[in-house]
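Data block below; observations after.
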Amino acid sequence: MYISKLFIPILKNNPSEAKIKSHQLMLRVGMIKQSSAGIYSWLPLGFKVMKKIEQIVREEQDKIGAQEILMPTIQSSEIWKESGRYEDYGDEMLRIKDRQDREMLYGPTNEELVTDIFRSSVKSYKSLPQLLYHIQWKFRDEIRPRFGIMRCREFYMKDAYSFDINDEEALFSYNKFFLSYLKTFKRLDLTAIPMAADTGPIGGNLSHEFIILAETGESKIFTDKRIFDLESDGTKIEKKSLEDLRKKYEQFYSVTDEKFNKDEFEKKVSEPNRLKTKGIEVGHIFYFGDKYSKPMDGSVDLPGGKKDFVKMGSYGIGVSRLVGAIIEAKYDEKNEVMKWPISVAPYDVSIIPMINKNDNSALEKANKINLEFEKNNIDSIIDDTDENLSSKIKKMNLIGAPFQIIIGKQTEGELLEFKEIDKETQKIGLGEIIKIIKEQKAKI
Ligand code: P5A
């Protein structure tokens, strides 16, 4: 695709209103545009990255047997009155009246709505467990929306809900999501650490936040460095193995500041392993038993003929926040180089030909390379403008395709100037380049 044909409104300099690097970069390369405080439009480059993240999140949900649904953004206040959260949620909830004067709201989360769907059709334990998820816009009227799409008012969330017959089965569901989250973040090339966390307005007494380290993060964290060496590889989706996995993580002290206790931290973590830092919350899982099913009468028939309320959990991933979180983790601000993980990169490779008024040969070469890439399912972006080579490279460094091919004076014969965006240039043939990129993509 030619850059001249794309809608990528690039700014020359960093916008002054943006305080953190993800917000700066997203505005600079035209990934988003603010429409009002904490509300953004997603432009092609940003939307492309977000859709790729969404797809990875979806695949990992499907792998644990969760089924995708789509609930509306606008909900009726009735179900929230049933659960008792209508008043509790306070000013963060955007309340709306329809033309019949009915109280509606823009959903900040969906525990009530999904419980209503569940109770209307599931009557017997035989239909359990059920894991349902959707990926949908949410609205929270945050008092101080900030840092672009990191803490905004309208944001895109994957939220899943589990329904089980008893606590034991419910913990099995919880642990499935625990594993699925570790795998999801790994595919995004992020190290997200599960941390014991507070449950806030969602409720319950078991909860983990998944946090990636970043100086600009809003969550204070206290952790044992050894937790970073753990792996989830090889974990089977069965009770014992999933329980062991969670225990493996929980053996290391790792909490957010609401749960922090200085004495406990110092007792459980030896000095060299102590890490106090900041992070970004990219996911949050909760177990809350019958907090919603009880007041909303979400019960099922048990084997002996009795009835009981289903045991529920909910599991969120900040899909739109992840776009910013990946930038915070990967953007080299000093050298102005963004390297997207290939799993979510807007393009796999950028082709940068040096174009003169009276010499089109570099562009022709770029077109030929692009044809070969297309045959191999490699997505490339060609800078077909007549800007000088160094400003083209700067621009592509910000757009962040992880590989670059530069077609300049040095390019003669079959060998091409190829580089991983943050590494040295090497001169290799197109066949070899295709092999390298395909190998990287196969790892996703
Ligand atoms: C879990 C799913 C819940 O809402 N109910 C359904 C539960 N959890 S949560 O922690 O409140 O949110 C889940 C994830 O959504 C992201 N997030 C946000 N992203 C951008 N701007 C916001 N204002 C915002 N609020 C929450 C976070 O990644 C969070 O982990």
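The values are calculated or read from the model by the stated rules, or taken from the named source; none is laboratory data. These figures come from a predicted structure and were not determined experimentally. Here the Cβ is made from the backbone with ideal geometry for all residues, glycine too, and neighbour counts use every protein chain on show. Ligands, DNA and RNA are stripped out before the accessible areas are found, and what is left, the full protein with its side chains, is counted by its heavy atoms. Shrake-Rupley method; radii C 1.70, N 1.55, O 1.52, S 1.80 Å.
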Whether segment 355-398 is rounded, prolate or oblate, judged on the alpha carbon gyration tensor where a/c under 1.5 counts as rounded: oblate
Helix-only CD estimate at 222 nm, as mean residue ellipticity for the chain, using -39500 (n - 2.57) per DSSP H run (n ≥ 4): -10000 deg cm²/dmol
Net charge, Gln61 excluded, C-beta distance under 13 Å - Lys, Arg +1, Asp, Glu -1: 0
Of Ala196, Leu131, Ile227, farthest towards positive along the dipole that unit charges on Lys, Arg, Asp, Glu beta carbons give segment 123-256: Leu131
For segment 1-102, the fraction of alpha-carbon pairs in successive 5 Å shells from zero, as %: 2, 9, 12, 13, 12, 14, 16, 12, 6, 3, 1
Carbon + sulfur, % of accessible area of segment 338-418 - ligands and nucleic acids excluded, 1.4 Å: 46
In Hz, Karplus ³J(HN,Hα) per residue of segment 5-15 (6.51, -1.76, 1.60; θ = phi - 60°; x = Gly, Pro): 9, 8, 9, 10, x, 7, 9, 5, 10, 5, x
Sequence-separation-based contact order of the chain, relative, with Cα cut under 8 Å and 6+ spacing, percent: 16
Solvent accessible area, Å² - Ser16, 1.4 Å probe, full protein context: 110
Segment 242-334: C-alpha gyration tensor shape, a/c 1.5 cut-off, then a/b vs b/c: oblate
Selection from Phe178, Asn273, Ala214 lying farthest towards where the dipole of segment 173-317 points positive, charges on Cβ: Phe178
Set of aspartates and glutamates near Lys267 by C-alpha distance (under 20 Å), chain-local residues within fewer than 8 positions excluded: Asp224, Glu250, Asp257, Glu258
Around Asp301: net Lys/Arg minus Asp/Glu count, Cβ-Cβ under 14 Å: +3
C-alpha center-to-center spacing [segment 184-241, segment 35-82] in angstrom: 21
Net dipole in debye of segment 95-149 [+1 Lys, Arg Cβ; -1 Asp, Glu Cβ; about Cα centre; nearest 20]: 80
Residue (of Gly107, Ser390, Gly324) at the positive-pole extreme of the chain, dipole from beta-carbon charges: Ser390
Per-residue ³J(HN,Hα) for segment 304-313, Karplus 6.51 cos²θ - 1.76 cosθ + 1.60, θ = phi - 60°, Hz, x for Gly and Pro: x, x, 6, 10, 8, 6, 5, 9, 10, x
Shape of segment 153-219, Cα gyration tensor, a/c cut at 1.5: prolate
Surface per residue (accessible, 1.4 Å probe) for the chain, Å²: 47
Antiparallel content of DSSP bridges confined to the chain, in %, to 5: 85
Rule-of-thumb Rg ratio for segment 90-205 [Cα; 2.2 N^0.38 Å; N residues]: 1.26
Values of log10 I(q)/I(0), in the order q = 0.06, 0.11, 0.12, 0.13 Å⁻¹, for the chain under a Debye, Cα-only, solvent-free model: -0.31, -0.93, -1.06, -1.18
Efficiency of FRET from Cβ geometry, Asn166 and Arg102, R₀ 25 Å, rounded to 0.05: 0.10
Net charge, Tyr253 excluded, C-beta distance under 12 Å - Lys, Arg +1, Asp, Glu -1: +3
Estimated dipole of the chain in Debye, rounded to 20 [Cβ of Lys and Arg +1, of Asp and Glu -1, Cα centre]: 460
